[in-house]
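Notes follow the structure.
No value in this document is a laboratory result; all are computed from the given coordinates. For clarity, every value in this text was computed on a predicted model and none was experimentally measured. FYI the Cβ positions are ideal-geometry reconstructions off the backbone, even for glycines, and counts take in every protein chain you see.
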Amino acid sequence: MNENGLTSGDFTEENEPYSLFGTWLKDAEASEPNDPNALALATVDADGMPNVRMVLLKGFDQDGFVFYTNYESQKGTELLGQKKAAMVFHWKSLRRQIRVRGTIETVSDAEADAYYETRPRGSRIGAWASKQSRPLEGRFALEKAVAEYTMKFGIGHIPRPAHWSGFRLKPVSLEFWHDRPFRLHDRMEFRRAGEGWEKVRMYP
């Protein structure tokens with residue numbers, strides 16, 4: 001760090017974003033008290049009105065970032081309708097943030113089935129019982145639906161509902177932000193350039 005509080009940061013040797021993301025996520029897994037894979041997911045509806053909510057990242061690779069939801073929910077219909085979204089990961093314990101913007105595609109049935117089978121049995125029942133994002137007349141109605149599906153499936157296999165699956169955000173840009181003294185933060189943006197990435201350091 002120089003006399004002005006500036007530093008070369010953690011970005012000097014990275015020429016693509018996914019390995020850096022993996023390093024930061026691993027750091028967060030060691031330091032965050034809860035859900036290091038939590039992210040704020042922003043979508044827009046058909047009128048351009050934005051929505052944002054917290055979801056959990058369930059996988060990432062060179063193709064993008066994967067999460068799961070009910071396709072009939074508010075976020076599901078907006079993602080299917082507009083095919084674009086943004087994410088923010090914020091790790092307070094590390095004073096780090098990553099912003100991601102990109103296009104949306106659905107995961108394959110095989111990929112969704114494989115993840116669904118890893119979920120706790122109660123969560124698989126919940127995917128059937130919850131009419132996500134729609135009005136609920138009372139808590140009892142939800143509990144009744146859970147009981148009905150629990151009886152329906154018994155101790156047998158619980159198939160994945162057709163309306164429950166995954167999305168993959170394919171980034172066009174990722175910005176890594178690291179807190180520094182005097183608000184002279186480190187910011188590095190990776191922008192999609194053909195098959196590779198352009199790396200641009202940003203003013204704080």
>> All but one of (1) in a helix (DSSP H, G or I); (2) surrounded by 19 or more Cβ atoms within 10 Å (Cβ to Cβ) hold for Trp177; state the number of the condition that does not hold.
In response: (1)
>> Restricting to the stretch 15-41, give me the number of residues that are surrounded by 15 or more Cβ atoms within 10 Å (Cβ to Cβ) and more than 16 Å from Arg168 (Cβ to Cβ).
In response: 8
>> Suppose we filter the stretch 66-104 for residues that are closer than 25 Å to Thr23 by Cα and not basic (Lys, Arg); how many remain?
In response: 18
> Pairs under 8 Å by beta carbon, first residue more than 17 Å from His163 (Cα to Cα) in the stretch 48-76, partner surrounded by 12 or more Cβ atoms within 10 Å (Cβ to Cβ) and polar (S, T, N, Q), six or more apart or different chains?
Replying inline: Pro50/Thr43; Asn51/Thr43; Asn51/Gln74; Val52/Thr43; Val55/Thr69; Leu56/Asn37; Leu57/Asn37; Lys58/Asn37
> So which residues in the stretch 82-110 are surrounded by fewer than 20 Cβ atoms within 10 Å (Cβ to Cβ) and either part of a loop (DSSP other than H, G, I, E, B) or free of Cβ contacts under 8 Å to residues at least 40 places away in the same chain (or both), if there are any at all?
Replying inline: Gln82, Lys83, Lys92, Ser93, Leu94, Arg95, Ser108, Ala110
